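Quick notes on the structure that follows.
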Amino acid sequence: MKKVAFIVPYPIGFAPSQRFRFEQYTSFFEENNFQLKYFPFLSENDFKVLYESGQFFRKFLAIIKGFFKRFIMLFQLGKFDIVFIHREASPIGPPIFEWFISKLLKKKIIYDFDDAIWLKNTSETNKVVSSVKGHSKVGKICKWSNQIFCGNEYLIDYAKQFNLNVKYIPTTIDTVNTHNKIKKHTNKRLIIGWTGTHSTIKYLEKIELLLSRIQKKINFDFTIISDVDPDFKSLNYSFLKWNKKTELSDLLTIDIGLMPLEDTKWTRGKCGFKALQYMALGIPCIISPVGVNKLIVKDNYNGFLADSEKEWENKIKSLVNDFNLRTEIGARGVESVKNNYSVIAYKNIYLNFFQELLD
């Protein structure tokens, strides 16, 4: 039995980047003679504290506890065949732990990231951390790794500056065990919705006034599913606190899903997760044509791309007014995810990359 240590920033089951990039493959790997152990930097309680406003002392203690756990971890890694590092071993400072694992323990390393984490993009709640984040360490970790997993071509191009052994692993959806229900479209009053975290709600804020103007012309409700209430003043909306237990049922209340983005170096590194969630459930989506979004969605086939305010308005109107279009676009979205962005489609590819490293 081969043993893999997963060094991750967040507690298991909470962060989308972990849940939809590798946590959902755990049972499949175990069925194929792999033993996995997760080493999160943050506990569940510390994770919640870290993304609250203020709480400086508690955040400081959470970071200290995380570094202590990392130090203890180093003495446990000897028995593992592969060390899988997601994003970074520690949220601040230089790549000390990664250097130790590579140079002194001489472990085979898989390095995985799904954002342009070499760029500064610290949230407002933790902007004081930005100066000690150590964004430049990403290139060093790439150099020290045996394999690198990236979620899109933009990230791959960056990683290949330091290491040519880069594999494409998209963010995937488990269409069997989690996202296994399909939206039933009706002619009742529609709900347009958005889901995301405090770090991405700024993109929805950019089109708040536009949505408010459209809402006055067309009769629809709006739902925001997030960890924070944005307290929008213009848009008439309902807020649902994100909850893992009700995530699927909350998403299925939405008839049309939105994913607005600005076109920046940071957003080009994103892996289209919101769009994939909507599509997997048969919810037609309207998204910004930024980065990998342009590959995931074929405009007017399995979703819509909208760049200008006029395009957003016209495509929202089209879906709101046409029950059959919502049904057809939703069905094509489901098929696209199953064929190209699902656990079923990628589980054997993923497993083969691990086995290839061990050969």
>> Tell me the residue from LYS270, LYS244 that is touching a residue at least 60 places away in the same chain (Cβ under 8 Å) and surrounded by fewer than 17 Cβ atoms within 10 Å (Cβ to Cβ), please.
In response: LYS244
>> On the basis of being surrounded by 15 or more Cβ atoms within 10 Å (Cβ to Cβ) and β-branched (Val, Ile, Thr), does ILE349 make the cut?
In response: no
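Yes/no matrix, rows are residues, columns are (1) of a type in the set (Gly, Ala, Ser); (2) closer than 21 Å to THR171 by Cα:
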| site | (1), (2) |
| --- | --- |
| GLU23 | no, yes |
| PHE29 | no, yes |
| LEU36 | no, yes |
| LEU50 | no, no |
| ARG58 | no, no |
| GLY66 | yes, no |
| LYS69 | no, no |
| ILE72 | no, no |
| GLN76 | no, no |
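Here is a yes/no grid of residues against (1) of a type in the set (Lys, Arg); (2) under 20 Å from the mean Cα position of the chain (by Cα); (3) over 23 Å from LEU325 (Cβ atoms):
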| site | (1), (2), (3) |
| --- | --- |
| VAL166 | no, yes, yes |
| ILE169 | no, yes, yes |
| ASP174 | no, yes, yes |
| SER212 | no, no, yes |
| LYS217 | yes, no, no |
>> I need the full set of residues from the stretch 291-308 which are open to solvent by less than 10 Å² (accessible area, probe 1.4 Å) and under 18 Å from the mean Cα position of the chain (by Cα), in order please.
In response: ASN293, ILE296, VAL297
>> Residue under question is GLY134, and the condition is that it be modelled with pLDDT of 95 or more, of a type outside the set (Ser, Thr, Tyr), out of contact with any strand residue (DSSP E or B) (no Cβ under 6 Å at 6 or more places or on another chain) and open to solvent by less than 30 Å² (accessible area, probe 1.4 Å); does it hold?
In response: no
> Limited to the stretch 309-340, what total is found for residues that are open to solvent by 30 Å² or more (accessible area, probe 1.4 Å), in contact with a strand residue (DSSP E or B) (Cβ under 9 Å, 6 or more places away or on another chain) and either under 25 Å from ILE148 (Cα atoms) or acidic (Asp, Glu) (or both)?
Replying inline: 2
> Quick one: in the stretch 101-124, which of the residues that are among the β-branched types (Val, Ile, Thr) and assigned to a loop (DSSP other than H, G, I, E, B) is least open to solvent (accessible area, probe 1.4 Å)?
Replying inline: ILE117
> Any residue in the stretch 178-200 that is open to solvent by 50 Å² or more (accessible area, probe 1.4 Å), assigned to a helix (DSSP H, G or I) and without any contact (Cβ under 8 Å) to a residue 40 or more places away in the chain?
Replying inline: no
>> Being surrounded by fewer than 16 Cβ atoms within 10 Å (Cβ to Cβ) and farther than 25 Å from GLU88 by Cα is true for just one of GLU205, GLU153. Which residue is that?
In response: GLU205
> Cβ-Cβ below 8 Å, separation at least six or inter-chain, first residue in the stretch 207-220 and closer than 11 Å to GLU313 by Cβ and touching a residue at least 40 places away in the same chain (Cβ under 8 Å), second among the hydrophobic types (A, V, I, L, M, F, W, C) and open to solvent by 30 Å² or more (accessible area, probe 1.4 Å): which pairs?
Replying inline: none
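The values are calculated or read from the model by the stated rules, or taken from the named source; none is laboratory data. Because the structure is predicted, anything quoted here is derived from the model rather than measured. Because the Cβ atoms are built from the backbone with ideal geometry, glycine has one as well, and the counts that use them run over all protein chains shown. Please note that ligands, DNA and RNA were not included when accessible areas were found on the heavy atoms of the full protein model with its side chains. Shrake-Rupley method; radii C 1.70, N 1.55, O 1.52, S 1.80 Å.
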